[in-house]
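Below: the structure, in structure tokens.
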Amino acid sequence: VNDKLRDKYNHSFTLEKVIDELFGCAPYQIWNTKKSEVTISVKTLYGDYLKSETKILKAISLIKGIDESAINTEELVRNYKTIKNYSLKTYKKICHGDLHSENFFKDEQAGVYLIDFGWTNQHHSLIDHATLECSLKFKHLPFYIPVDDLTSYETELLSISSFSKSFDLSFIKRPSVLEIAKLITKIRENAKQHMIDNTNPLEYLISLFIINFRQIQYPDLNQAYALATAEVLSKKIVELINE
């Protein structure tokens, strides 16, 4: 990914092809055959991922420069509590559970391989797609890009139309962001098969928000971008819930 963004990519395969091979590799072929429909609260569905809530809130107060005692008045935190307590109808299945960009690799002859199965279990069926999207954005996009530019792109990606390969990305003018956005639409296109209602982005945005919210705490990622994106996502999700 980094080679592609630096215009030093010299492999015979495209990154979009890697995404296709990733979600078509042998473990996913098995894991995808058994999905169970559930109606479940977000805090139950993502309980293991929200155990670091205190650290996340502390990171938010640090980034925003506010006292920890005032954190509960922040709109993001209020929205987080609404989302956490929301019950949604969705699918569960076996997922990798920690599908960031360093937990799989591409062999030029034999395909894609997964590694590191410490989080592999029954999870929200969209968690791997959301985790990979977050990894691409907060780990690989250059940190020098202004957060305001990035959040303006995020706003455009809130629509269900961003789950289609025909989605118009011409609003993105920075080449590095455009490369990542192409991969994101590819990931989302694949995710639609694991959504109860693939005409509504709510299920996916909830998964994306929880993983995004969790990653605010990690200083090796773009924390300012993660925080700003969490704010954008939380507002849209609460809007969709209220509808």
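The values are calculated or read from the model by the stated rules, or taken from the named source; none is laboratory data. The structure presented is a predicted model; accordingly, all values stated were derived computationally and were not measured. As a convention, Cβ positions derive from the backbone with ideal geometry for all residues, glycine included, and neighbour counts pool all protein chains shown. Note: areas computed on protein heavy atoms with side chains; ligands, DNA, RNA excluded. Shrake-Rupley method; radii C 1.70, N 1.55, O 1.52, S 1.80 Å.
Which of the chymotrypsin sites (Phe, Trp or Tyr not before Pro) across the stretch 121-159 are loop residues per DSSP, with 15 or fewer other Cβ within 10 Å? Can you show the working numbers first?
Values: sites: Phe138, Phe143, Tyr144, Tyr153; in loops: Phe143, Tyr144.
The qualifying sites are Phe143, Tyr144.
What number comes out for the charge environment of Thr90, summing +1 per Lys or Arg and -1 per Asp or Glu over other residues with Cβ under 11 Å away? Before the final figure, lay out each step's value.
Numbers: positive: Lys35, Lys89, Lys92, Lys93; negative: Glu37, Asp197, Glu203.
Around Thr90, the charge tally is +1.
Assigning unit charges at the beta carbon (Lys, Arg +1; Asp, Glu -1) and nothing else, what dipole magnitude in debye, to the nearest 20, does the chain show about its Cα centre?
Details: 30 positive and 32 negative charges, 70 e Å.
Rounded to the nearest 20 debye, it is 340 debye.
Of Ile127, His96, Ile115, which is farthest on the positive side of the dipole of the stretch 83-128, counting Cα position, with +1 on Lys and Arg Cβ, -1 on Asp and Glu Cβ, and the Cα centre as origin?
Toward the positive end, the furthest listed residue is Ile127.
Compute the distance in nm between two label points, each set 7 Å from the Cα along the Cα-to-Cβ direction, one at Ser52 and one at Ser152.
It works out to 3.1 nm between the two label points.
Let a ≥ b ≥ c be the square roots of the eigenvalues of the Cα gyration tensor of the stretch 82-150; is it rounded (a/c under 1.5), or, if not, prolate (a/b larger than b/c) or oblate?
On the way: a/c = 2.67, a/b = 1.03, b/c = 2.60.
In terms of gyration-tensor shape, oblate.
Kindly point out which whole DSSP H helices in the chain project their C-alpha atoms 18 angstrom or further along the helix axis while averaging a Kyte-Doolittle hydropathy of -0.5 or above.
On the way: long enough: 175-191 (24 Å, 0.18); 202-215 (20 Å, 0.96); 223-242 (28 Å, 0.57).
Counting only whole DSSP H runs, the qualifying helices are 175-191, 202-215, 223-242.
Sorting His123, His11 by accessible area (1.4 Å probe), largest first, what list results?
Details: His123 15, His11 80 Å².
Ranked list, largest accessible area first: His11, His123.
Here are labelled values, (1) 62; (2) 71; (3) 56, and one is the computed percent of Cα pairs over 21 Å apart for what I pasted. Which one?
(3)
Taking a quarter of the surface of the convex hull around the Cα atoms of the stretch 38-158, what do you get in nm²?
On the way: hull surface 39.1 nm².
Value for the stretch 38-158: 9.8 nm².
Cut-off 10 angstrom, C-alpha nodes, Gaussian network model of the chain. Which of Tyr91, Tyr80, Tyr28 fluctuates the most?
Answer for the Gaussian network model of the chain: Tyr28.
Go through the stretch 147-243 and name the trypsin sites (Lys or Arg not before Pro) that are in a DSSP coil and have 13 or fewer other Cβ atoms within 10 Å of their Cβ. Please report the intermediate quantities before stating the final value.
On the way: sites: Lys165, Lys173, Lys182, Lys186, Arg188, Lys192, Arg214, Lys235, Lys236; in loops: Lys165, Lys173.
When the trypsin sites (Lys or Arg not before Pro) of the stretch 147-243 are filtered for loop state and at most 13 Cβ neighbours within 10 Å, Lys165, Lys173 remain.
Helix-only mean residue ellipticity at 222 nm, the chain, DSSP H runs n ≥ 4 weighted -39,500 (n - 2.57), per residue, nearest 500. What is it? Intermediate results must be reported in sequence, preceding the final value.
Working: 11 runs with 116 residues, N = 243.
Rounded to the nearest 500, the figure is -14500 deg cm²/dmol.
Given axes a ≥ b ≥ c from the Cα gyration tensor, I'd like to know whether the stretch 140-243 is rounded (a/c under 1.5), prolate (a/b larger than b/c) or oblate. Present the calculation step by step, with values, prior to reporting the outcome.
Details: a/c = 1.71, a/b = 1.20, b/c = 1.43.
Since a/c reaches 1.5 but b/c is at least a/b, the shape of the stretch 140-243 is classed as oblate.
For the stretch 27-170, report the accessible area per residue in Å² (1.4 Å probe, heavy atoms, rounded to an integer).
Working: 7220 Å² over 144 residues.
Solvent-accessible surface per residue comes out at 50 Å².
Students often get this wrong: which residues of the stretch 107-149 have the backbone nitrogen under 15 Å from the point 7 angstrom along Cα-to-C-beta of Leu62?
none
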